[in-house]
Each structure stands twice: as C-alpha cells, then as structure tokens.
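The block underneath contains the structure these notes are about, expressed in structure tokens.
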Amino acid sequence: MFGMRIAGLMGSAALAVLVGFATPAVAADAPKVKAAEAYVVDSAGTIHFGKRQSRRVPVASLVKVMTAYVVLREGRLTDTITVTEADVKDAVREGATTAGLRAGERLTVRDLLHGLLLPSGADAASALARRYGPGKTAFVAKMNRTARALGLADTRYTNADGMPTPGNGGYSTAADQVRLAQRALANSTFQAMVGARTYKVGKTAVHRAHTWRNSNELLSRSADVLGVKTGYTRAAGYCLLFAAERNGVQIVGALLHDGKDGRFTTAERLLDYAARRIAEG
C-alpha cells in the first residue's frame, strides 16, 4: 500500500525485506518520473515512491558507493597509496570519468575517496581496489560479500567503478541502492564526502594539486541535500542516488536509466513531495 509505514518494532532484517520488495501504487499527486526504475523511502520506513524498484539493471558509477563503503571499513583515511600506470591506463581505456591522477603520485585514502566520489574517478577506484583487495579481483569479492551481508539480494558487482567491462559492472536495483545509501550515510565521513561541492588537494613533493568538483548538481539546486552519487554508461543510462534531510527525517531515493539533466529536476520534485507527505503526517 502506498505510503505504508513500517512498524518501528520490526527488526532490521524484516525492514530490509519489506523496503526491498513492497510495491506502492503511485498516488495521483506524485511527480512524473521518466526514469525506468525509481524508489524513494525515508528513515521512518515510509515508502514515498516506487517504480520497478526490484528490477536488476546496471547502475554505472553508483557502484562506487559500495567501493567507498568497503574502503572505509578496510582502511584508514591517512593511509597513502601510490598511483600506478595501470590505474591511469585502465580508466582511460574504458573512456571513464577520471580524477586526473598521474602515475607515481602518492595520495592519502581521504584524498582518493574524494577523487572517487566527487568527479567519479575510475582511476581512484582502481588505486583503492588494488590496495584493499589486495588486487581488484579480491576487492570485488569483498564488495559482493558486503552486499550479501547488507541484505542486498539483487546486487552483484564485477568491478569497482561500474564501467562496462566486465559485465556492465554487474547489476543492482533501485531498492538495493537506496538501502546501501542509507547504510553508507550512517558513516559521518562518507556523508561529509558526498555532501562536499568541491575538494582541493594542495601540491606537495609527492603529488600534484587537484581540485575536484562534485558531479551531483542537486547539491546546489535543493535544500538540505546530503549527496549521494551520479552515474552514466550507455547500458545504465543516467543514474542518480540522492538523499536529503527534511522535517527531521532522512529521505533517500534512486533514479535509474533517466535523462542527463532531468534526473536532478525529478529528484528535487520527489524530495519536495516526500517532505510534504512527512509534514502532513
């Protein structure tokens, strides 16, 4: 039932099942959503919008949310990683968005996570996965084990950046992506990173200067936005994982296979719509 409130006494496992598979009817006053898959839920357990939210599809660079989540569990922000030629070449070969890293640069995990999440750097993803697998194959295995541990039954990863090779980066669902974002945002470091509009790394003897700007335009278009992540590949279309704090409640949503600019407008409307419903009780 649309707008169903899940009882607060339910355990987290039961909540995960209900949030992942309940299919609300779309209310007449809900915003029009062109995205092929969409889902919006709040931290109280109220589902505000659902559209094919359990369909397995590629999610492009939304994959990097799991990459960051695993790294934050495995490493320390002060750890230093040396960028390799392979990190740079792999990103360029795929035609991916990069953080502009160069072979030989030594950057902290804090820096590389910003390079991963703001400009969506596939080169940063490569360096982090290589370090904390160790090796990319082992790191992807950790991503998949973590997905299972979080109850993301409809999610499988094949790489750390969401690019087409191999297997379109795997697959997930709008519901699973929302659930992952909720868990990731509970980490204050992650939340601060995805909420930053820019991040600057000053030049030192071991790395160049970098200025990374967040690709999430929603941060400057809507009030109280927390993040989270943009993505695009031909197979996945334009994707957006978004979150905001409204009326003391966290709202998290996902739009998959949407239009480039329309996703931000749609997300803004969905946040406003959910906020109205929360205020109305």
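The values are calculated or read from the model by the stated rules, or taken from the named source; none is laboratory data. Everything quoted here is computed from the prediction, not taken from an experiment. All Cβ positions, glycine included, derive from the backbone under ideal geometry; neighbour counts span all protein chains shown. We work out accessible area using only protein heavy atoms, side chains counted, and drop any ligands, DNA or RNA first. Shrake-Rupley method; radii C 1.70, N 1.55, O 1.52, S 1.80 Å.
The figures follow:
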| read-out | value |
| --- | --- |
| Residue in the stretch 233-281 that is surrounded by the most Cβ atoms within 10 Å (Cβ to Cβ), counting only those that are of a type in the set (A, V, I, L, M, F, W, C), more than 16 Å from L218 (Cβ to Cβ) and touching a residue at least 60 places away in the same chain (Cβ under 8 Å) | A236 |
| Residue list for the stretch 41-88, restricted to those being of a type in the set (D, E) and out of contact with any Ser or Thr (no Cβ under 9 Å at 6 or more places or on another chain) | D42, E74, E85 |
| Single unsatisfied condition, Y171 versus (1) in contact with a strand residue (DSSP E or B) (Cβ under 8 Å, 6 or more places away or on another chain); (2) open to solvent by 60 Å² or more (accessible area, probe 1.4 Å); (3) part of a helix (DSSP H, G or I) | (3) |
| Candidate set from the stretch 65-81 (those that are touching a residue at least 60 places away in the same chain (Cβ under 8 Å) and either in a loop (DSSP other than H, G, I, E, B) or among the small types (G, A, S) (or both)); member that is nearest to L117 (Cα to Cα) | A68 |
| Boolean, L180 is in a strand (DSSP E or B), under 17 Å from V63 (Cβ atoms) and either open to solvent by less than 60 Å² (accessible area, probe 1.4 Å) or touching a strand residue (DSSP E or B) at 6+ places or on another chain (Cβ under 6 Å) (or both) | no |
| Total residues in the stretch 192-219, condition over 18 Å from L255 (Cα atoms), outside any loop (DSSP other than H, G, I, E, B) and either β-branched (V, I, T) or open to solvent by 60 Å² or more (accessible area, probe 1.4 Å) (or both) | 6 |
| Answer residue from the stretch 121-160, given it is part of a loop (DSSP other than H, G, I, E, B) and either closer than 20 Å to R183 by Cβ or among the β-branched types (V, I, T) (or both) and is most open to solvent (accessible area, probe 1.4 Å) among those | A153 |
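For every residue, the table says whether it meets (1) under 28 Å from A153 (Cα atoms); (2) under 17 Å from the mean Cα position of the chain (by Cα).
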| residue | (1), (2) |
| --- | --- |
| A68 | yes, yes |
| G75 | yes, no |
| K89 | no, no |
| T108 | no, no |
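For (1) of a type in the set (F, W, Y); (2) loosely packed, with under 15 Cβ neighbours inside 10 Å; (3) modelled with pLDDT under 95; (4) in contact with a strand residue (DSSP E or B) (Cβ under 7 Å, 6 or more places away or on another chain), each residue gets a yes or a no:
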site: A13; (1), (2), (3), (4): no, yes, yes, no
site: A25; (1), (2), (3), (4): no, yes, yes, no
site: D42; (1), (2), (3), (4): no, no, no, yes
site: H48; (1), (2), (3), (4): no, no, no, yes
site: V57; (1), (2), (3), (4): no, no, no, yes
site: S61; (1), (2), (3), (4): no, no, no, yes
site: T78; (1), (2), (3), (4): no, yes, no, yes
site: E94; (1), (2), (3), (4): no, no, yes, no
